[in-house]
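The structure appears below as structure tokens.
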Amino acid sequence: MSEYVTLTINGARVRAPRGSSVLDAALEYGICIPHLCHVPGLTPIGACRLCIVEVIKNGKSKVTTSCTLEVEEAMVIKAHTEKILKARKNIAEMLVAEAPNSRAIQDIAVRCGVKEVRYPFRHENCVLCGRCVRICDELWQSKSLGFVGRGLARKVRLPFDERPDYCKRCNACIDICPMTITPCDGPMKKGEEYFCGKCESQLSMAQESPDTCVDCRLGEGFGCVRARK
Amino acid sequence: MSVAITIEALKKQAEEQKKEENKYGKIVTLCAGTGCSASGCLSVLASLRKELKNKKLTKKVKIRTTGCHGFCEQGPLMVIEPGNTFYCHIKPEDIPEIVSETLQNDKIVERLLYTDPASGKRISREKDIPFYKAQERVVLGQNKLVDPCDISDYIANGGYSALIKVLTSMKADEVIKEIKESGLRGRGGGGFSTGKKWEFCRRAEGASKYVICNADEGDPGAYMDRSVLEGNPHAIIEGMLIGAYAIGAEHGYIYVRNEYPLAVKHSKLAVQQAEEIGLLGKNVLGTDFSFDIKLARGGGAFVCGESTALMASLEGKVGEPRPKDIHTTEKGFMDLPTNLNNVETWANVPSIINKGASWFTAKGTAKSKGTKIFALTGKIRNTGLVEVPMGTSLRKIIYDIGGGSATGKRIKAVQTGGPSGGCLPEELFDLPVDFEALTEAGSMVGSGGMVVMDETTCMVDMAKYFLKFLVDESCGKCVPCRVGLSRMLEIIKDITEGRGTEEKLELLKDTAETVSIASLCALGKTAPNPVLSTIKYFRSEYDAHIKEKRCPAGVCRELIHYSIDKEKCKGCGACFKACPHGAIIKKEKTYKIDDAKCQKCGICKEACKFEAVVVK
């Protein structure tokens with residue numbers, strides 16, 4: 001069995017190591033698929049659903065997240081179809097309405113083409129992407145953080161709300177959190193949240209936003225504002 | 001022990017059991033399912049036992065306490081054989097009369113018979129009752145033949161003969177071929193070909209394999225899996241044994257909700273009894289095939305009915321779904337190949353093996369074969385479990401079997417498939433009930449819930465109810481389901497409380513679409529169905545809420561107004577006494593409602609005998 005497979009993403013033939021995810025393969029080639037909960041090297045959970053793509057198999061299309069989808073030989077992926085772009089934009093709109101105080105999320109919303117936020121803002125300080133939970137467990141084998149509760153009551157918590165002895169105070173959870181960088185104009189007050197939409201003029205932000213956006217032309221495919229400039 | 005002897009022994013036991021049964025002159029079959037237990041069948045049973053003992057009839061009359069017969073509306077109920085006499089709404093006081101008249105003198109107690117509401121005639125035989133007559137009870141019909149707590153009863157009725165057939169004369173591939181040819185599709189709602197699933201699991205590589213019975217039924221108003229597991233647990237064990245043999249699995253789990261105490265008790269007992277006589281465990285019936293079943297109790301999370309969440313829960317993890325890009329037939333429970341089927345699917349397996357695939361394909365439509373059990377509830381006369389061939393029209397189920405509206409008001413819609421199904425209007429009642437037809441119409445077969453609604457149901461309120469249920473039951477892992485559904489609930493609340501706008505309705509539709517496309521598991525993917533289908537078929541009700549700020553069904557509290565019609569009011573004061581909020585004031589000879597105090601609870605409307613309380 002060959003170690004590499006060849007697949008098609010948005011019409012481009014892409015070679016990727018067997019076992020890697022479609023999202024990693026796409027990013028490697030500079031094909032921009034927005035994502036939030038994915039962190040290279042950590043187990044994908046498919047929670048934010050921003051990286052959804054269409055997989056065409058036997059003439060049928062199925063929507064799934066590219067972070068959890070393993071590459072296969074002759075796979076056909078369409079990452080930026082109209083259906084996907086619309087759903088993705090809506091998800092980004094939901095996210096920014098949940099947590100307007102994150103520059104990363106505001107940035108993602110802009111890049112997904114959100115023009116206005118139709119939902120009332122909620123001022124959450126966590127979007128439950130689970131990056132912190134996984135890095136704590138998988139990188140540091142610490143399991144100091146976990147999810148508790150179900151549905152709207154779901155939260156990230158320390159065991160019994162106390163810092164356990166096995167927490168190494170490494171701060172990895174804070175470094176990786178998409179909520180730690182506030183919008184450029186500073187934190188928004190409750191009740192005064194807005195969709196800033198300014199990040200298109202702040203290209204340097206690419207380093208700070210929690211993904212590996214390469215500011216590419218291919219981003220045009222999903223209506224990326226940066227690419228259009 | 002050689003193979004032949006053990007299997008022979010089982011067959012012999014079955015024959016002896018049958019002979020034993022023939023010694024009794026009369027057999028009284030008393031339903032002791034959950035529905036009848038709730039309406040008091042246990043005291044009826046105690047009274048019957050006492051009476052038979054007093055009259056020294058215990059050797060002549062056999063009492064068989066069985067699982068649900070389906071006609072829950074009429075419980076407690078019993079069938080007396082020979083004669084097929086059917087008594088309903090039995091009270092413990094009726095027992096002496098039944099014993100002296102029917103059991104001793106073969107006379108019928110007229111007043112306990114079922115009265116057909118259409119013709120007004122009393123019907124004495126169970127098979128003549130329209131509710132049963134229009135059905136084809138392949139799976140459910142077995143319930144009244146067996147005592148779920150007694151394995152020998154099941155064996156006497158031909159139980160485990162399919163297992164014997166498979167173990168002695170069929171290869172694993174032949175079993176899979178038979179199931180594939182039968183066209184059996186997953187009865188839990190997915191509708192995936194059972195044979196194909198087994199084949200995938202058989203082909204998958206793994207150190208060991210698992211089969212799981214999904215009995216985590218959680219839809220509001222649906223209880224068929226519960227009734228089958230309570231009434232005939234051995235059929236499920238036999239089905240699982242056959243499946244395990246075909247797939248090459250060695251271990252099995254029955255994942256049952258802890259809220260179903262009787263199902264837990266009966267399946268536990270059934271597994272124990274099967275183990276005792278060597279039907280489960282090492283070397284089943286002396287063959288090389290080994291299989292064991294463990295019982296796992298679910299904690300009551302709706303999402304754990306989803307296969308990957310169920311497996312996570314079985315592993316002791318939080319019951320959350322995971323993406324199914326790799327199927328559970330390859331990597332399921334403990335990352336091993338796992339085949340999960342619903343209770344009803346498993347219960348169909350033994351009959352298919354015994355009677356052959358062609359028997360099964362003879363029923364149903366081109367793509368959906370066999371029969372399906374539905375839980376008929378809501379504003380319908382005959383509430384209960386019905387089993388019909390796939391392709392039966394909704395009209396037949398609602399009017400011929402269900403007996404039409406219970407209130408006399410026009411039936412306007414039926415909600416099929418539980419909280420993730422859709423609402424179908426009366427114009428579509430001629431639709432055949434099969435997987436494709438219902439999905440195309442924007443609903444689904446789902447696990448088989450059917451909630452019937454009449455004119456007093458507000459469709460927007462109904463969509464809100466199901467949405468609220470799903471918001472509570474969403475695991476919260478993925479954004480579209482957790483955030484999307486709560487946003488949808490927010491909007492629909494606005495609509496029912498008079499703050500709705502056209503833009504909000506558009507946003508509701510957009511959000512619903514995103515949730516159905518992008519959610520992680522089937523809970524989220526199907527969750528917008530109630531909203532989308534009501535917008536599609538009952539747009540006028542949404543428009544009335546949004547544009548006219550009016551609830552046509554008179555349900556949404558913020559949009560309705562109670563008043564007393566002066567002409568009709570006789571001044572009896574019934575409403576005045578009934579009102580818990582002190583909102584009714586005496587005015588001259590009649591009464592008046594104080595709007596500031598009125599909580600719109602509707603108690604005054606129920607209390608008024610002259611229909612003088614008006615809701616607008």
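Measuring nothing but how far apart in sequence close Cα pairs (under 8 Å, 6+ apart) lie, relative to its length, the stretch B:144-206 scores a relative contact order of 18 percent.
Based on a Kirkwood Rh over C-alpha pairs, give the Stokes-Einstein translational diffusion coefficient of the stretch B:196-298 at 20 °C and viscosity 1.002 mPa s in µm²/s. Answer from the Stokes-Einstein relation: 152 µm²/s.
Structural descriptor for chain B: relative contact order 11 percent, calculated from alpha carbon pairs under 8 angstrom and at least 6 residues apart.
Summing charges over neighbours of residue B:261, with a neighbour being any other residue whose Cβ is under 11 Å away from its Cβ, gives +3 when K and R count +1 and D and E count -1. As a ratio to 2.2 N^0.38 Å, the alpha-carbon radius of gyration computed for the stretch B:22-121 takes the value 1.02. Hull volume per residue, based on the alpha-carbon atoms of the stretch B:371-454 and their convex hull, is 70 Å³. Just the protein heavy atoms count here, and of the accessible area of the protein assembly as shown at 1.4 Å, carbon and sulfur take up 51 percent.
The average projected area of the stretch B:459-547, computed from the convex hull of its Cα atoms over all directions, is 4.8 nm². Build a GNM of chain A with springs between Cα atoms under 10 Å apart, and of A:114, A:71, A:156 the one that fluctuates most is A:156.
Charge tally around residue B:368: other residues with Cβ under 11 Å, Lys/Arg +1 each, Asp/Glu -1 each, net +4. Using a probe of 1.4 Å, the accessible surface attributed to residue B:562 totals some 20 Å² when neighbouring protein chains are kept in position. Tell me the angle of helix B:3-22 to the major Cα principal axis of chain B, expressed in degrees between 0 and 90 and rounded to the nearest ten. Approximately 60 degrees, to the nearest 10.
Projected onto planes of every orientation and averaged, the convex hull of the alpha-carbon atoms in the protein assembly as shown covers 42.1 nm². On association of chains B and A, roughly 2800 Å² of accessible area becomes buried (total for both chains; probe 1.4 Å). Report, to the nearest 10°, how far helix B:172-182 tilts away from the longest principal axis of the Cα atoms in chain B, using its own Cα long axis and a range of 0 to 90°. Helix B:172-182 and the main axis of chain B meet at about 40 degrees. With no solvent and one equal point scatterer placed on each C-alpha of the stretch B:509-616, evaluate the Debye formula and give log10 I(q)/I(0) for q = 0.10, 0.15, 0.16 Å⁻¹, two decimals. So the normalised log intensities are -0.46, -0.71, -0.75. Scaled to the globular estimate 2.2 N^0.38 Å, the Cα spread of the stretch B:299-339, given as radius of gyration, is 1.04. Normalising by residue count, the stretch B:150-360 has a Cα convex hull of 112 Å³ per residue.
Ellipticity at 222 nm from helices only: DSSP H runs of n ≥ 4 in chain A, each -39500 (n - 2.57), divided by the residue count, give -5000 deg cm²/dmol.
Comparing B:390, B:448, B:407 along the charge dipole axis of the stretch B:371-454, the residue lying farthest to the positive side is B:407, per the Cβ-charge model. Remark: chain B carries 40 Å² of accessible area per residue (probe radius 1.4 Å; ligands, DNA and RNA excluded). Beyond 27 Å in Cα-Cα separation lie the following of the pairs B:165/B:369; B:11/B:171; B:369/B:525; B:50/B:265; B:62/B:268; A:86/A:189: A:86/A:189. Computed about its Cα centre, the charge dipole of the stretch B:150-360 is approximately 300 debye, with only Lys, Arg, Asp and Glu carrying charge at their Cβ. The C-alpha atoms of chain B define a longest principal axis, and helix B:502-518 lies at about 10 degrees to it.
Every Cα-Cα pair of chain B was included, and the share exceeding 36 Å stands at 44 percent. Here's the picture: charge each Lys and Arg Cβ at +1 and each Asp and Glu Cβ at -1 in chain B, and of B:485, B:35, B:195 the one pushed furthest to the positive end of that dipole is B:35. Projecting the alpha carbon convex hull of the stretch A:24-74 along each direction and taking the average yields 3.8 nm². The mean number of partner chain beta-carbon atoms within 10 angstrom of a residue's beta-carbon across peptide B:55-68 is 0. Shape class of the stretch B:561-615 from the Cα gyration tensor (axes a ≥ b ≥ c, square roots of the eigenvalues): rounded, since a/c falls below 1.5. Each 5 Å bin from zero up to the one holding the largest Cα-Cα distance in chain A carries the following percent of pairs: 1, 7, 14, 17, 18, 16, 13, 9, 4, 1, 0, 0. The charge dipole of the protein assembly as shown, taken about its Cα centre with unit charges on the Cβ of Lys, Arg, Asp and Glu (plus for the first two, minus for the last two), comes to roughly 1620 debye.
Residues B:581, B:327, B:266 ordered from highest to lowest accessible area at a 1.4 Å probe: B:327, B:581, B:266.
As a length-normalised measure over Cα pairs under 8 Å and 6 or more apart, the relative contact order of chain A settles at 21 percent.
For residue B:192, the solvent-accessible surface computed with a 1.4 Å probe is close to 100 Å², ligands and nucleic acids excluded. Within the full protein context, the accessible area of residue A:140 is estimated at about 100 Å² for a probe radius of 1.4 Å. Farthest toward the positive end of the dipole of the protein assembly as shown, out of A:30, A:101, B:48, is the Cα of B:48, where the dipole comes from beta carbon charges about the Cα centre. Proximity of backbone amide H atoms, modeled 1.01 Å from N, is registered between residue B:380 and B:406 at under 5 Å, excluding neighbours fewer than 5 places apart on the same chain. With all protein chains in place and ligands, DNA and RNA left out, the 1.4 Å accessible area ranks B:340, A:139 as A:139, B:340, largest first. Averaged over the residues of peptide A:39-45, the number of Cβ atoms from other protein chains lying within 10 Å of each residue's Cβ is 1.
The values are calculated or read from the model by the stated rules, or taken from the named source; none is laboratory data. Nothing here was measured: the structure is a model prediction, and the numbers come from that model. Ideal geometry is used to build each Cβ from the backbone, glycine not excepted, and the neighbour counts take in all protein chains shown. Accessible surface is based on the protein model in full, side chains and every heavy atom, while ligands, DNA and RNA are left aside. Shrake-Rupley method; radii C 1.70, N 1.55, O 1.52, S 1.80 Å.
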